[in-house]
Amino acid sequence: MEILRIVVTGTVGAGKTSFIQTISEIEVVNTDRRATDETAQLKRDTTVAFDFGRLTISPDQAMHLYGTPGQSRFDFMGDILIRKAHAYILLVNAHRPQDFRDVRRILNFMNQRVQIPIVVGLTHMDYPDAWTPDDIILALGLFDTTRRIPLVQVNATDRTSVSNALIALIHQWTCSGFGSSVRLR
């Protein structure tokens with residue numbers, strides 16, 4: 001069986017766990033624990049190691065989804081997970097501009113370790129104070145037209161929306177030449 005390893009990363013509350021729970025065909029393995037720091041102001045539980053889900057693509061191919069913790073003190077887990085990934089999706093909470101600096105830190109962190117396809121998924125776009133995709137591109141410094149990172153709007157609790165984000169990521173992976181040069185295992 002060929003395995004496509006996808007990392008789902010982003011800041012606390014961006015929708016990583018929900019994203020994986022929405023699409024996984026197995027019960028998601030998660031390491032959520034009660035938040036004991038400033039994260040508790042945003043949500044009761046938070047991921048402390050990683051989430052894991054699985055999705056069958058074809059009879060001989062599957063996608064393994066690994067969700068990173070959103071807190072910077074757990075960056076070592078992102079480091080472990082990204083090194084064997086084929087591609088990743090960076091979820092950005094569009095109505096929390098105070099998180100954009102951390103999103104840039106995550107993007108730099110990942111790009112220092114690997115050069116693999118990425119899609120940026122904009123979550124919480126339905127909030128009245130959500131930033132527009134163009135403003136988020138500027139805030140994240142993603143205006144390099146020579147290496148444009150695809151942006152997709154994602155509702156992490158809607159299966160069709162999550163599927164579309166993964167399709168965009170797979171498209172990015174195959175169009176970038178990785179799909180033909182990497183043997184999946």
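Modelled spin-label separation between Asp60 and Ser163, with each label point placed 7 Å from Cα along the Cα-to-Cβ direction: 2.4 nm.
Within the shell defined by Cβ-Cβ distances under 9 Å, the residues around Gly53 carry a net charge of -2, with Lys and Arg each +1 and Asp and Glu each -1.
Residues Met125, Met110 in ascending order of nearby Cβ atoms (within 10 Å, fewest first): Met125, Met110.
Can you give the local net charge around His95? Use residues other than it whose beta-carbon is closer than 11 angstrom to its beta-carbon, Lys and Arg +1, Asp and Glu -1.
Here the count lands on -2.
Bear in mind these aren't lab numbers, they're just calculated from the coordinates by the rules spelled out. This one's a predicted model, so the numbers in the text were calculated from it and none came from an experiment. Positions of Cβ are generated from backbone atoms using ideal geometry, with glycine treated the same way; all protein chains shown enter the neighbour counts.
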